1. Highest GNM mean-square fluctuation, the chain, Cα pairs closer than 10 Å: which of 155, 92, 282?
2. In nanometres, what is the gap between the two model label sites at residue 80 and residue 38, each 7 Å from Cα along Cα-to-Cβ?
3. Please give the solvent-accessible surface of residue 31 in Å², to the nearest 10, using a probe radius of 1.4 Å with every protein chain present.
4. Positive end of the charge dipole of the chain (Lys, Arg +1 and Asp, Glu -1 on Cβ, about the Cα centre): tell me which of 270, 158, 64 has its Cα farthest that way.
5. Enter the accessible area of residue 231 (Å², nearest 10), with the probe set to 1.4 Å and all protein chains included.
6. Suppose R0 equals 30 Å. What FRET efficiency, 1/(1 + (r/R0)^6) with r the Cβ-Cβ distance, do residue 225 and residue 108 give to the nearest 0.05?
7. What distance in nm separates the simple spin-label points at residue 277 and residue 235, each placed 7 Å from Cα in the Cβ direction?
8. Which value, in debye to the nearest 20, gives the size of the charge dipole of the chain about its Cα centre, when Lys and Arg are +1 and Asp and Glu are -1 at the Cβ?
Amino acid sequence: MDLTLSQGLFALQSLSLTEIQSILRRAQEFCDGVPMPDYSSKLACNLFFEPSTRTSYSFQVAQNRLKMRSLIFSSEHSSLQKGESFYDTIKVFDCFNPDLLIVRHGKEKFYEEFAGSIDTPVINAGDGAGSHPTQSLIDLITIKQEFGYLAGLNVAIVGDVLHSRVANTNIEIMQRFGMKVFMSGPPEFLKRGMSFFPLLELIEFCDVIVMLRVQNERHDSKFSLKDYNFKYGLNSKMLSLMKPGAIIMHPGPVNRGIELTEDLVECSRSRIFNQVKNGICVRASVMEAIFKSLI
Ligand code: NCD
(Lines give C-alpha, C1' and ligand atoms only; values in the text may rest on other atoms or scores of the structure.)
Protein backbone atom coordinates (compact mmCIF):
# COMPACT_ATOMS: atom_id res chain seq x y z
CA MET A 1 0.00 0.00 0.00
CA ASP A 2 0.98 3.60 -0.49
CA LEU A 3 3.06 5.53 2.04
CA THR A 4 0.36 8.20 2.19
CA LEU A 5 -1.86 5.76 4.10
CA SER A 6 0.69 5.50 6.88
CA GLN A 7 -0.51 8.94 7.96
CA GLY A 8 -4.15 7.91 7.56
CA LEU A 9 -6.79 8.95 5.07
CA PHE A 10 -7.71 12.62 4.71
CA ALA A 11 -9.12 12.77 1.16
CA LEU A 12 -9.44 10.29 -1.70
CA GLN A 13 -7.36 12.55 -3.98
CA SER A 14 -4.25 11.23 -2.25
CA LEU A 15 -5.02 7.67 -3.37
CA SER A 16 -4.59 6.21 -6.84
CA LEU A 17 -7.45 4.37 -8.52
CA THR A 18 -5.51 1.12 -8.04
CA GLU A 19 -5.27 1.74 -4.30
CA ILE A 20 -8.97 2.55 -4.10
CA GLN A 21 -9.83 -0.56 -6.10
CA SER A 22 -7.76 -2.66 -3.73
CA ILE A 23 -9.56 -1.20 -0.68
CA LEU A 24 -12.92 -1.89 -2.37
CA ARG A 25 -11.92 -5.43 -3.35
CA ARG A 26 -10.94 -6.23 0.22
CA ALA A 27 -14.14 -4.63 1.52
CA GLN A 28 -16.14 -6.85 -0.85
CA GLU A 29 -14.29 -9.92 0.46
CA PHE A 30 -15.39 -8.94 3.98
CA CYS A 31 -18.96 -8.40 2.74
CA ASP A 32 -18.79 -11.89 1.16
CA GLY A 33 -17.88 -13.45 4.50
CA VAL A 34 -14.06 -13.63 4.42
CA PRO A 35 -13.06 -13.44 8.10
CA MET A 36 -11.62 -10.12 9.21
CA PRO A 37 -8.07 -10.07 10.60
CA ASP A 38 -7.39 -9.97 14.32
CA TYR A 39 -6.21 -6.54 15.39
CA SER A 40 -6.69 -7.13 19.12
CA SER A 41 -3.42 -5.33 19.83
CA LYS A 42 -4.72 -2.11 18.21
CA LEU A 43 -6.43 0.80 19.90
CA ALA A 44 -8.52 3.37 18.03
CA CYS A 45 -9.82 6.65 19.43
CA ASN A 46 -13.01 7.89 17.79
CA LEU A 47 -13.37 11.64 18.10
CA PHE A 48 -16.57 13.06 16.67
CA PHE A 49 -16.91 16.82 17.16
CA GLU A 50 -20.07 16.81 14.99
CA PRO A 51 -23.12 14.55 15.40
CA SER A 52 -23.07 11.18 13.68
CA THR A 53 -24.98 7.91 13.77
CA ARG A 54 -23.95 5.66 10.89
CA THR A 55 -20.35 6.86 10.46
CA SER A 56 -19.37 6.83 14.13
CA TYR A 57 -21.16 3.59 15.01
CA SER A 58 -20.12 1.74 11.86
CA PHE A 59 -16.50 2.58 12.64
CA GLN A 60 -17.13 1.19 16.10
CA VAL A 61 -18.78 -1.97 14.78
CA ALA A 62 -15.93 -2.44 12.27
CA GLN A 63 -13.43 -2.04 15.12
CA ASN A 64 -15.35 -4.67 17.09
CA ARG A 65 -15.29 -7.06 14.14
CA LEU A 66 -11.52 -6.50 13.85
CA LYS A 67 -11.33 -7.24 17.61
CA MET A 68 -9.73 -3.85 18.17
CA ARG A 69 -10.25 -1.81 21.27
CA SER A 70 -11.88 1.55 20.78
CA LEU A 71 -12.27 4.60 22.89
CA ILE A 72 -15.21 6.90 22.27
CA PHE A 73 -14.68 10.60 22.91
CA SER A 74 -17.63 12.59 24.16
CA SER A 75 -17.24 16.31 23.53
CA GLU A 76 -19.91 17.24 26.13
CA HIS A 77 -17.92 15.56 28.89
CA SER A 78 -14.50 16.75 27.75
CA SER A 79 -12.33 19.77 28.55
CA LEU A 80 -13.67 21.39 25.38
CA GLN A 81 -16.35 22.58 27.81
CA LYS A 82 -13.60 24.36 29.77
CA GLY A 83 -12.39 26.07 26.61
CA GLU A 84 -9.70 23.61 25.53
CA SER A 85 -8.97 23.89 21.82
CA PHE A 86 -9.58 21.28 19.13
CA TYR A 87 -5.83 21.15 18.47
CA ASP A 88 -4.99 20.45 22.13
CA THR A 89 -7.71 17.81 22.35
CA ILE A 90 -6.19 15.97 19.38
CA LYS A 91 -2.70 16.35 20.88
CA VAL A 92 -3.90 14.78 24.15
CA PHE A 93 -5.25 11.72 22.33
CA ASP A 94 -2.06 11.47 20.28
CA CYS A 95 -0.10 11.35 23.58
CA PHE A 96 -2.09 8.25 24.59
CA ASN A 97 -0.24 6.52 21.75
CA PRO A 98 -3.21 4.85 20.05
CA ASP A 99 -2.93 3.18 16.64
CA LEU A 100 -5.58 5.24 14.92
CA LEU A 101 -7.65 8.40 15.37
CA ILE A 102 -11.02 8.66 13.63
CA VAL A 103 -11.95 12.35 13.52
CA ARG A 104 -14.98 14.31 12.36
CA HIS A 105 -15.03 18.08 12.74
CA GLY A 106 -17.05 20.97 11.32
CA LYS A 107 -13.96 22.79 10.09
CA GLU A 108 -12.97 22.14 6.49
CA LYS A 109 -9.51 20.49 6.26
CA PHE A 110 -9.28 20.34 10.08
CA TYR A 111 -6.41 17.87 9.66
CA GLU A 112 -4.11 20.60 8.32
CA GLU A 113 -4.12 22.14 11.81
CA PHE A 114 -2.16 19.25 13.32
CA ALA A 115 -0.32 17.94 10.24
CA GLY A 116 3.25 17.16 11.24
CA SER A 117 2.46 17.67 14.96
CA ILE A 118 1.04 14.24 15.76
CA ASP A 119 2.26 10.68 15.16
CA THR A 120 -1.02 8.77 15.04
CA PRO A 121 -2.64 8.08 11.64
CA VAL A 122 -5.97 9.85 11.21
CA ILE A 123 -9.05 8.88 9.23
CA ASN A 124 -11.14 11.86 8.19
CA ALA A 125 -14.72 10.94 9.07
CA GLY A 126 -15.99 14.23 7.60
CA ASP A 127 -14.45 17.73 7.57
CA GLY A 128 -17.12 20.43 7.38
CA ALA A 129 -18.28 20.81 3.80
CA GLY A 130 -14.90 19.44 2.66
CA SER A 131 -14.79 15.69 2.13
CA HIS A 132 -15.99 12.36 3.43
CA PRO A 133 -13.69 9.73 1.94
CA THR A 134 -15.14 6.60 3.59
CA GLN A 135 -18.70 7.55 2.60
CA SER A 136 -17.66 7.83 -1.05
CA LEU A 137 -15.97 4.43 -0.86
CA ILE A 138 -19.27 3.07 0.47
CA ASP A 139 -21.14 4.70 -2.42
CA LEU A 140 -18.71 3.23 -4.96
CA ILE A 141 -18.97 -0.31 -3.59
CA THR A 142 -22.76 -0.07 -3.46
CA ILE A 143 -22.84 0.96 -7.15
CA LYS A 144 -20.30 -1.74 -8.08
CA GLN A 145 -22.42 -4.41 -6.34
CA GLU A 146 -25.38 -3.30 -8.42
CA PHE A 147 -23.87 -2.92 -11.89
CA GLY A 148 -20.55 -4.80 -11.65
CA TYR A 149 -18.67 -1.80 -13.08
CA LEU A 150 -18.37 1.96 -12.64
CA ALA A 151 -17.00 3.54 -15.85
CA GLY A 152 -19.68 4.89 -18.16
CA LEU A 153 -22.49 4.99 -15.59
CA ASN A 154 -24.54 8.18 -15.37
CA VAL A 155 -25.00 9.57 -11.87
CA ALA A 156 -27.25 12.39 -10.66
CA ILE A 157 -26.26 14.11 -7.42
CA VAL A 158 -29.27 16.00 -6.16
CA GLY A 159 -29.73 18.62 -3.47
CA ASP A 160 -27.38 20.65 -1.31
CA VAL A 161 -24.31 20.13 -3.50
CA LEU A 162 -22.73 23.34 -2.23
CA HIS A 163 -22.48 22.31 1.43
CA SER A 164 -22.22 18.54 1.09
CA ARG A 165 -18.87 16.90 1.73
CA VAL A 166 -20.33 13.69 0.29
CA ALA A 167 -21.11 15.49 -2.98
CA ASN A 168 -17.61 16.98 -3.10
CA THR A 169 -15.90 13.65 -2.61
CA ASN A 170 -18.28 11.78 -4.90
CA ILE A 171 -17.95 14.22 -7.81
CA GLU A 172 -14.15 13.96 -7.76
CA ILE A 173 -13.86 10.20 -7.37
CA MET A 174 -16.77 9.23 -9.63
CA GLN A 175 -15.37 11.32 -12.48
CA ARG A 176 -11.94 9.79 -11.89
CA PHE A 177 -13.54 6.35 -12.31
CA GLY A 178 -15.06 7.43 -15.65
CA MET A 179 -18.62 7.95 -14.45
CA LYS A 180 -20.63 10.87 -15.81
CA VAL A 181 -21.85 13.07 -12.98
CA PHE A 182 -24.78 15.49 -13.32
CA MET A 183 -26.04 17.78 -10.61
CA SER A 184 -29.46 19.07 -9.72
CA GLY A 185 -31.01 21.10 -6.92
CA PRO A 186 -32.13 24.53 -5.80
CA PRO A 187 -30.15 27.39 -7.43
CA GLU A 188 -28.98 28.48 -3.93
CA PHE A 189 -26.95 25.27 -3.74
CA LEU A 190 -25.17 25.60 -7.03
CA LYS A 191 -21.38 25.62 -6.81
CA ARG A 192 -19.42 28.12 -8.84
CA GLY A 193 -18.33 26.70 -12.19
CA MET A 194 -20.95 23.92 -12.11
CA SER A 195 -24.33 23.56 -13.79
CA PHE A 196 -27.58 22.25 -12.37
CA PHE A 197 -30.05 20.33 -14.53
CA PRO A 198 -33.75 19.88 -13.70
CA LEU A 199 -34.13 16.42 -12.12
CA LEU A 200 -36.85 15.72 -14.67
CA GLU A 201 -34.19 15.88 -17.41
CA LEU A 202 -31.79 13.56 -15.61
CA ILE A 203 -34.22 11.00 -14.26
CA GLU A 204 -34.67 9.14 -17.56
CA PHE A 205 -31.05 8.35 -18.29
CA CYS A 206 -29.26 8.28 -14.93
CA ASP A 207 -28.32 4.87 -13.52
CA VAL A 208 -27.78 6.19 -10.01
CA ILE A 209 -29.64 9.00 -8.24
CA VAL A 210 -27.81 10.20 -5.11
CA MET A 211 -30.05 12.37 -2.93
CA LEU A 212 -28.43 14.75 -0.43
CA ARG A 213 -29.68 16.15 2.84
CA VAL A 214 -30.09 19.93 3.07
CA GLN A 215 -27.16 20.89 5.34
CA ASN A 216 -28.97 23.52 7.41
CA GLU A 217 -26.19 23.51 10.01
CA ARG A 218 -23.80 24.91 7.36
CA HIS A 219 -26.10 27.69 6.11
CA ASP A 220 -25.96 31.31 7.28
CA SER A 221 -29.74 31.61 7.18
CA LYS A 222 -32.29 28.82 7.34
CA PHE A 223 -33.27 27.40 3.94
CA SER A 224 -37.01 26.85 3.55
CA LEU A 225 -37.99 23.22 2.90
CA LYS A 226 -41.50 24.17 1.78
CA ASP A 227 -42.30 22.41 -1.53
CA TYR A 228 -38.74 20.99 -1.60
CA ASN A 229 -39.84 17.46 -2.48
CA PHE A 230 -42.18 18.65 -5.22
CA LYS A 231 -39.51 20.88 -6.81
CA TYR A 232 -36.25 19.02 -6.22
CA GLY A 233 -36.97 15.67 -4.63
CA LEU A 234 -37.99 12.14 -5.51
CA ASN A 235 -41.59 10.96 -5.29
CA SER A 236 -43.76 8.30 -6.94
CA LYS A 237 -44.10 10.34 -10.14
CA MET A 238 -40.33 10.66 -10.51
CA LEU A 239 -39.93 6.99 -9.58
CA SER A 240 -42.11 6.00 -12.53
CA LEU A 241 -39.79 7.94 -14.87
CA MET A 242 -36.56 6.31 -13.71
CA LYS A 243 -34.47 4.28 -16.12
CA PRO A 244 -35.01 0.50 -15.81
CA GLY A 245 -32.44 -0.88 -13.36
CA ALA A 246 -31.59 2.55 -11.94
CA ILE A 247 -31.10 2.87 -8.20
CA ILE A 248 -31.64 5.50 -5.48
CA MET A 249 -28.97 6.25 -2.90
CA HIS A 250 -28.65 8.67 0.03
CA PRO A 251 -25.74 8.90 2.50
CA GLY A 252 -28.22 9.54 5.32
CA PRO A 253 -29.60 10.81 7.55
CA VAL A 254 -32.72 10.97 5.38
CA ASN A 255 -35.36 13.62 5.93
CA ARG A 256 -38.32 11.45 5.02
CA GLY A 257 -40.79 13.47 2.95
CA ILE A 258 -38.18 16.06 1.96
CA GLU A 259 -35.42 14.57 -0.25
CA LEU A 260 -37.66 11.62 -0.99
CA THR A 261 -41.16 10.66 0.01
CA GLU A 262 -41.69 8.05 2.76
CA ASP A 263 -42.74 5.31 0.31
CA LEU A 264 -39.45 5.59 -1.60
CA VAL A 265 -37.01 5.21 1.31
CA GLU A 266 -37.28 1.42 1.31
CA CYS A 267 -38.70 0.87 -2.20
CA SER A 268 -37.22 -1.79 -4.49
CA ARG A 269 -34.91 0.73 -6.17
CA SER A 270 -33.56 2.12 -2.89
CA ARG A 271 -30.08 1.04 -1.78
CA ILE A 272 -30.04 3.41 1.21
CA PHE A 273 -29.77 0.68 3.85
CA ASN A 274 -27.33 -1.34 1.70
CA GLN A 275 -25.06 1.72 1.94
CA VAL A 276 -25.27 1.54 5.73
CA LYS A 277 -24.47 -2.21 5.70
CA ASN A 278 -21.51 -1.66 3.40
CA GLY A 279 -20.13 0.89 5.87
CA ILE A 280 -18.78 -1.85 8.15
CA CYS A 281 -16.79 -3.72 5.48
CA VAL A 282 -15.50 -0.55 3.84
CA ARG A 283 -14.30 0.97 7.12
CA ALA A 284 -12.73 -2.32 8.21
CA SER A 285 -10.91 -2.46 4.88
CA VAL A 286 -9.64 1.14 5.21
CA MET A 287 -8.38 0.50 8.76
CA GLU A 288 -6.64 -2.70 7.64
CA ALA A 289 -5.02 -0.85 4.70
CA ILE A 290 -3.64 1.75 7.11
CA PHE A 291 -2.27 -0.87 9.51
CA LYS A 292 -0.69 -2.78 6.60
CA SER A 293 0.97 0.40 5.33
CA LEU A 294 2.69 0.77 8.71
CA ILE A 295 4.42 -2.63 8.57
C1 NCD B 1 -23.35 12.59 5.83
C2 NCD B 1 -22.36 13.46 6.55
O3 NCD B 1 -22.35 13.54 7.78
O4 NCD B 1 -21.58 14.02 5.83
N5 NCD B 1 -23.80 11.49 6.54
C6 NCD B 1 -22.96 10.42 6.71
O7 NCD B 1 -21.88 10.53 7.21
N8 NCD B 1 -23.40 9.24 6.24
C9 NCD B 1 -24.42 13.34 5.15
C10 NCD B 1 -25.26 14.31 5.93
O11 NCD B 1 -25.07 14.60 7.09
O12 NCD B 1 -26.19 14.83 5.30
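1. 92
2. Label at residue 80, label at residue 38, 3.6 nm between them.
3. Accessible area of residue 31: about 50 Å².
4. 270
5. 120
6. The value I calculate is 0.75.
7. Modelled inter-label distance: 3.1 nm.
8. 360
The values are calculated or read from the model by the stated rules, or taken from the named source; none is laboratory data. Since this is a predicted model, take the numbers as computed values, not measurements. Positions of Cβ are generated from backbone atoms using ideal geometry, with glycine treated the same way; all protein chains shown enter the neighbour counts. Remember, those area values only see protein heavy atoms, side chains included, never the ligands or the DNA or RNA. Shrake-Rupley method; radii C 1.70, N 1.55, O 1.52, S 1.80 Å.
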